[in-house]
Amino acid sequence: MRIASIDIGTNTVRLLIGELSEAGTLEKLDIQRVITRLGEGFSQNNGVITEQAAQRTIRVLSEFKEVLSDYGVEHTRAVATSVVRESSNGVEFKERANTETGLDIEIISGEEEARLTVNGVLGSVALNTEDALIFDIGGGSTEYIHVRENTIISLKSIPLGVVHLTEQYLTYNINSDTELLHLSQHIDNILESGLREFEIPDTNSLSLIGTAGTPTTLAAIEQKLDPYDPSKVNGFLLSREMIENILCKLNSMTALQRLSLPGLEKGREDLIVSGALTTLRTMSKFSKNTLIVSDGGLLEGVLYSLI
């Protein structure tokens, strides 16, 4: 049986198709992603999904629907996350997308997004500690999940998304030291207020795991991967020093110049700075100098939920 998952994010729309055998094993057949920037202009437009962004995203979803048909997929789960659930016209966008594409799209909560992300991550990387802190930096929000022995202890979705942060704090070209300082302070404030009740007794025995576009892109840049290779990204150990060096290099280049860096996908050239800063401030928050990168996350978790 062939099944599929679709993740409609603030920045990227992704598709994963898998084949489920009678024995219950799952083989990935195809994975596709397109940056549509659904959340573009969200901060400046009073929390509204713009017509242009909606059209771009629905066009890609229609293309994905054709791919599903070509593969003979029997069951599909499509979920929409941060920008759709937070926008004043999110339900309208969902209904329009349902009508125009024939997909049955769900708007999931931040908590459901976190739970699905955990399932995707734990199915992708091996842990050697009792506790793990998984964080998923999205375009509109970041989910933090404390897991102990594969059980969720606590989870929180907070308003740290790279699209919104970039639009609010950074210019498109070279970012000034003042902009970076203000953004860093804002991230620290949100982490402090958003994770106030998010206590982990012993961070020394904690594995920090980063998933989604920012950590995987940083790992790809560090390894100069062109094209992107999931097998080299998944499980990669990313250090604070690596990220700081990458950030220093990024800040010396314009957004267009950054596209020459192997491992940096077009469409992330302006977002990667706020993503890298969010990663570094998260590492500081939990007193960690390294993190494990997971190529698996929400998309995989959504697919597993169909089994």
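Where a number appears in this text, it was derived from the coordinates with a stated rule and is not lab data. None of the values given here were measured: they were computed from a predicted structure. When we count neighbours, we look across all protein chains shown, and the Cβ atoms used for this are built from the backbone with ideal geometry, even at glycine.
Some values worked out for this structure:
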quantity	calculated
Spin-label zone in segment 170-210 - amide nitrogen under 14 Å from a point set 7 Å from the Cα of Leu259 along the C-beta vector	173
Sequence ranges 287-297, 87-97, 15-25, 270-280, ranked by mean other-Cβ count within 10 angstrom, highest first	270-280, 287-297, 87-97, 15-25
Top of Glu111, Glu192, Glu143 by mean-square fluctuation, Gaussian network on the chain, Cα under 10 Å	Glu192
Value at 222 nm in deg cm²/dmol, rounded to 500, when DSSP H runs of n ≥ 4 in the chain each add -39,500 (n - 2.57)	-12500 deg cm²/dmol
Sequence of Ser109, Ser207, Ser141 once ranked by neighbouring C-beta atoms within 10 Å, starting from the fewest	Ser109, Ser207, Ser141
Under 13 Å from Lys232, Cα to Cα: aspartates and glutamates that are on another chain or at least 8 residues apart	Glu222, Asp295
Extension gain, Ser287 back to Ser205 (0.36 nm per residue minus Cα-Cα distance, nm)	28.4 nm
Qualifying GluC sites (Glu not before Pro) for segment 255-307 [loop in DSSP, other Cβ within 10 Å: at most 12]	none
Fewest-first ranking of Val302, Val147, Val34, using other Cβ atoms within 10 Å as the exposure measure	Val34, Val147, Val302
Whole-number Å³ per residue for the convex hull built on Cα positions in segment 2-108	85
When each of Lys94/Lys266; Lys28/Lys285; Lys224/Lys285 is checked by Cα-Cα distance, pairs over 32 Å	Lys28/Lys285
Segment 181-217 and segment 66-139: distance between their alpha carbon centers, rounded to Å	21
